[in-house]
1. Where both partners of a DSSP beta bridge lie in the range 114-266, what percent of those bridges are antiparallel, to the nearest 5?
2. What order do you get for 91-98, 303-310 when each peptide is scored by the mean count of other beta carbon atoms within 10 Å, highest first?
3. As I understand it, the value is the acute angle between the Cα axis of helix 173-184 and the longest principal axis of the Cα atoms of the chain; what does it come to in degrees, rounded to 10?
4. Arranged from highest to lowest average of other beta-carbon atoms within 10 Å per residue, in what order do the peptides 198-211, 235-248 appear?
5. Most mobile of Ala129, Ala178, Ala26 per a Gaussian network model of the chain (Cα springs, under 10 Å)?
6. For the range 30-69, list log₁₀ I(q)/I(0) at each q in 0.23, 0.30, 0.31 Å⁻¹, using the Debye formula over Cα point scatterers of equal strength and ignoring solvent, two decimals each.
7. Mind giving me the nanometre distance, one decimal, between the label points for Arg107 and Ala26, set 7 Å out from Cα along Cα→Cβ?
8. What residues qualify as long-range amide H neighbours of Val232, i.e. H under 5 Å apart, gap of 5 or more or another chain, H built at 1.01 Å from N?
Amino acid sequence: MKLHFTPLLLFIFLLVSCSDDDSEPAVISNEAQDFLDEMLDIMESNSINKNEIDWSSFRQDVLERAGNAQNIKDTYPAIKRALRLLEDNHSIYRGADGTVLSEGSIRCNFQNIDEASTPETIGYVRVTAFSGSSNSSEAISFAKEIQDQISSQDNSNTEGWIIDLRSNSGGNMWPMLAGVGPVLGEGTAGYFIDADEIETSWGYQNGASVSNGNLLTQLDDFYTLITDNPKVAVLLDNGIASSGEVMAISFIGRENTRSFGTPTCGLSTANSRFNLSDGSVLNLTAAFLADRNKNKFGMPVEPDEVTADEDIIQRAVNWLEN
């Protein structure tokens, strides 16, 4: 028996057929699934909160958010969901296409800091943020510039030092540590402590920032103070974050040291870099910062003496001279 289509029925048949061909797939693609699995495996193995997370529910939630993603860009809503569920406020995803995703709820108050004027007997050192690799020429120059600040003010009449960390937004801690080392002093200044309680030390030794004895940023021509173990006043504010908070924590527990100002931002955790298969990067929060006595942070660093910004230099000077 032959089938005969009227023009109207033929039109409906063609319309349905085209609609079916052009519709989006109902399931996630292998590319998107494999990429999310890769990222979630890294998170489950390394997150600072890995022991507190129900990973079965975590994965289900993230994959539901992915829907029928067909490529890596389609997974961005799922990645944002995963970053939120980690609840570390610090992890960041940088896509191969330049997209940056983060879900932190902490906001830092950065401000412009004017160079301070202090008595000739008080040294003043400003330590700002730094971005770049630890052993680059830029890192060496950055660390040397800080040591130059120190050497140009150091003399036999120096009664103490002000280390101004205000609005240090972070970046790479190692050039900062190498630069401020002559005032901080040699030895272990703090620790990274991960979810499995594995400790990794940081500190300063012979012109270099060191981690578990490994040199990170090294100055061959480094400065040594005329008088070691000086009094140090550390200036804090809410604009200090991440590696800036490493610097603040490095002075905690040091003899002859007192901090002034307001609490830091509260991103006092450490990120580890994971390179993903498509060329993107996951900077995952993988450890707490801890002081030299192994007291963990993960919250704002509180000053020893809460001080208004307009009074902070004079209060620091008064303490150093007393």
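Readers should treat all values here as calculations from the given coordinates under stated rules, not as data from a laboratory. Predicted, not measured: the structure shown is a model, and the values here were computed from it. As a convention, Cβ positions derive from the backbone with ideal geometry for all residues, glycine included, and neighbour counts pool all protein chains shown.
1. On the way: 14 of 30 bridges.
Antiparallel: roughly 45 percent of the beta bridges in the range 114-266.
2. Details: 91-98: 16.4, 303-310: 14.1.
With the highest mean Cβ count within 10 Å placed first, the list reads 91-98, 303-310.
3. Tilt relative to the chain: about 10 degrees.
4. Values: 198-211: 18.6, 235-248: 26.3.
Highest mean packing first, the order is 235-248, 198-211.
5. Result: Ala26 has the largest fluctuation of those listed.
6. Treating every Cα as an identical point scatterer, log10 I(q)/I(0) equals -0.75, -1.07, -1.10.
7. Between Arg107 and Ala26, the simple spin-label model gives 4.4 nm.
8. Answer set, sorted by chain and number: Trp161, Thr257, Arg258.
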